[in-house]
1. Report relative contact order for segment 18-123 in percent, whole number only (criteria: Cα-Cα under 8 Å, sequence separation at least 6).
2. Excluding Glu94 itself, what net charge comes from residues whose Cβ is under 13 Å from its Cβ, given Lys and Arg +1 and Asp and Glu -1?
3. Output the 0 to 90 degree angle, nearest 10, between the alpha-carbon long axis of helix 2-26 and the longest principal axis computed from the alpha carbons of the chain.
4. Can you tell me the orientation of helix 34-48 relative to the chain, as the angle in degrees between its alpha-carbon axis and the longest Cα principal axis, to the nearest 10?
5. What residue among Glu15, Glu94, Glu67 has the largest mean-square fluctuation in a Gaussian network model of the chain, using Cα springs under 10 Å?
6. As a test question: what accessible area, to the nearest 10 Å², does Leu54 have when a 1.4 Å probe is rolled over all protein chains in place?
7. Which angle between 0 and 90 degrees, to the nearest 10, do you get for helix 77-122 versus the longest principal axis of the chain when only C-alpha atoms count?
8. How much of the accessible area of the chain, probe 1.4 Å, is carbon plus sulfur, in whole percent?
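The values are calculated or read from the model by the stated rules, or taken from the named source; none is laboratory data. Quick caveat: nothing in here was measured; it's all calculated off a predicted structure. Here the Cβ is made from the backbone with ideal geometry for all residues, glycine too, and neighbour counts use every protein chain on show. Calculation scope for accessible area: heavy atoms of the full protein, side chains included, ligands and nucleic acids excluded. Shrake-Rupley method; radii C 1.70, N 1.55, O 1.52, S 1.80 Å.
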Amino acid sequence: AMATMLRQAAAEVEELEGVVASLEAGGAAAGAGAAAMAEAAAPLKAALAADSALRASVDKMAARAAETDPDKRMYGPKTVGKINDLAARFKALEARAAPVLATVASAEAAAAASRAEAEAQAR
């Protein structure tokens, strides 16, 4: 079960790294519509939420991997290494995603403001 959880979490982090990369590359620079950017960013935003399943899995595995009592230790050194790598990738993903998500949020806000302005002028 643990190996599956680790594999799934790693696959999800990898997928989200791709989402961040594509938002970084094509986001605001390409003048992508705010709605399209928001849609692309949605899974990233959900995965980085405080109550996300991915965060819970990573935190749970990292806590178990940090166990120092040999009697309570659940994982061997190889697995501990993989879990620590995953936890570090998740942290890096969070740091990298923050400015991207901020850009998406401001693009959404700007789009909403210009819609409101257009509606006001139409009255």
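1. Relative contact order for segment 18-123 comes out at 34 percent.
2. Once positives and negatives cancel, what remains is +3.
3. For helix 2-26, the angle is close to 30 degrees.
4. Long axis of 34-48 versus the principal axis of the chain: about 20 degrees.
5. Sorting by GNM fluctuation, first place goes to Glu67.
6. Number for this one is 10 Å².
7. It works out to around 10 degrees.
8. Reported share for carbon and sulfur atoms: 57 percent.
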